[in-house]
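As structure tokens, the structure follows; a few thoughts come after it.
The values are calculated or read from the model by the stated rules, or taken from the named source; none is laboratory data. Keep in mind that this is a model prediction, so the values were computed, not measured. Don't worry about glycine lacking a Cβ; one is built from the backbone with ideal geometry, like all the others, and counts go over all protein chains shown. Surface areas here come from the heavy atoms of the whole protein model, side chains and all, with no ligands, DNA or RNA. Shrake-Rupley method; radii C 1.70, N 1.55, O 1.52, S 1.80 Å.
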Amino acid sequence: RLMSINYLGSVYPSRAVITTMKERRVGRIVFVSSQAGQLGLFGFTAYSASKFAIRGLAEALQME
């Protein structure tokens, strides 16, 4: 459930605007994560993983 909310909640809107941004050659996408996205926290395994996935998504999109 957390992956659906945190990760896919960032993926789907990004996918919706990327094509237009590429055509216009302008635009930025900003993702908001949390400190739990930087390192794993005891008791927050699923949450930390879903927030770290957002960071990975941002890094991969930046390279593209």
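Heavy-atom accessible surface of the chain, averaged per residue, reaches 80 Å², computed with a 1.4 Å probe. Tell me, what % of the accessible area of the chain is carbon and sulfur with a 1.4 angstrom probe? For the chain, the apolar C and S fraction of the accessible surface comes to 58 percent. Applying the criteria of a DSSP loop state and at most 12 other Cβ atoms within 10 Å to the chymotrypsin sites (Phe, Trp or Tyr not before Pro) of the chain yields F42.
Hand me the trypsin sites (Lys or Arg not before Pro) from the chain located in a DSSP loop with no more than 15 other Cβ atoms within 10 Å, in residue order please. Loop-located and lightly packed - R1, R25, R28. Between 0 and 90 degrees, the angle of helix 45-63 with respect to the longest Cα principal axis of the chain falls at about 30 degrees. Between A16, A53, A36, the Gaussian network model of the chain with springs among Cα atoms under 10 angstrom shows the greatest mean-square fluctuation at A16. Here the chain is treated with +1 on each Lys and Arg Cβ and -1 on each Asp and Glu Cβ, and its dipole about the Cα centre works out to around 160 debye. A 1.4 Å probe, protein heavy atoms only, puts the accessible area of M3 near 90 Å².
For the chain, the longest principal axis of the alpha carbon atoms and the long axis of helix 8-24 meet at an angle near 20°.
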